[in-house]
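Data first, discussion second: the structure below is written as structure tokens.
What follows is calculated from the coordinates using simple rules that are stated; it is not laboratory data. Remember, predicted model here, so these are calculated numbers, not experimental data.
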Amino acid sequence: MKRSYCLMVFTILLSGATAPTFGQTDIRKELFAIQDVPYLPELSGDSLFWDLVIQGTAILPQLIDCIDIEQKSDIAIPNWGGEYTYGDIAFDIINHIIHNIPYEQLFSKQGVDTYFSFINSSPRSRNQLQDFIRSWYEKNRLNLVWISDDRSHKTSRDWKYPSNRHPAGGWYETK
């Protein structure tokens, strides 16, 4: 009896160490379920994408950890060709949660000016981007202010939300 009790406790502790805690979103699982990301119109993309955006800064550290996922999705990249990786999708969600992160500082070091040019410029670029965002967020998280957005936006025809308002009601920017 004592042995089975210990085995049960060990199993619970082990599963707790590898599984999300109660109420915590399994970001990777949700990223892999996304089938469309916003491009045009403004708030297109599927509701799974926006459900993650709505969670805001609470999931930002987990999203940053996902930037290095190089597995391709089935979502085509308009005007660039190829498919988004799940790391690209995580990056896009971050940019809908916090606007105006100064990526140009990082991109200019590689002599590029766009995200896709940067990501393709070096095998370590995704890790550099993760480090940059993690460092920037740590330095600026207390200076983030909420920008409300109650304007009407263009949406796609299969939009699940009843209004054309921003699903998260806004975004963060630095003061």
- Message: Below 8 Å, C-alpha to C-alpha, sequence gap of six or more: please give me the relative contact order for the range 26-175 in percent.
- Response: 26
- Message: Under the rule of at least 5 residues apart or a separate chain, name every residue whose amide H is placed under 5 Å from the amide H of D36.
- Response: D46
- Phi-based couplings in Hz for the range 60-67 (Karplus 6.51, -1.76, 1.60; Gly and Pro marked x): 4, x, 5, 5, 4, 4, 8, 4
